[in-house]
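Worksheet for the structure shown next.
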């Protein structure tokens, strides 16, 4: 990327998402009402285009290698409230209103980030939050 493109991407007013070598961009999704981080997923160009055009978040499943609209099977549709991009436009932060039962994780929890590392105790020990 030349210097003018870098400057435009970092300081300009145009949305210029930067996909990685696999054609993906990281997307952190959080609840618009509480700010709670719900999940981290990836989008390809089609998922991003569909998300922006429909107002419903679509992702690219790296494990299934397919496009998916969040909530099609669970009812936990994520309606976009706000989309942000980071300084070099290689990551997205999407604030959503969550439909259905308000959960985001396939495990039935409200957030995919339901475990935390127990700092200062057994190395590698995880604590599960009661959510």
If 90, 72 are placed from fewest to most neighbouring beta carbons inside 10 Å, the sequence is 72, 90
Tilt relative to the chain, helix 45-54 - C-alpha long axis, 0 to 90 degrees, to 10: 80
Points 7 angstrom from Cα along the Cβ direction at residue 128 and residue 22: gap in nanometres? 2.7
Over the Cα atoms, compute the radius of gyration (one decimal) and Dmax (the largest Cα-Cα distance, rounded to a whole number) for the range 45-112, in Å. 12.1, 35
At q = 0.17, 0.20, 0.21 Å⁻¹, what is the log10 ratio I(q)/I(0) for the chain, with the Debye formula run over Cα points and no solvent? -0.93, -1.15, -1.21
Neighbouring Cβ atoms within 10 Å as the yardstick, rank 103, 97, 70 fewest first. 97, 103, 70
Most exposed first, judged by fewest Cβ atoms within 10 angstrom, 119, 43 run 119, 43
How high is the relative contact order of the range 3-128, given as a whole-number percent (alpha carbon pairs under 8 Å, six or more residues apart)? 23
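Read-outs: derived from the displayed coordinates by stated rules, not from any lab. The structure presented is a predicted model; accordingly, all values stated were derived computationally and were not measured. A quick note on method: Cβ atoms are made from the backbone with ideal geometry, for glycine too, and the neighbour counts reach across all protein chains shown.
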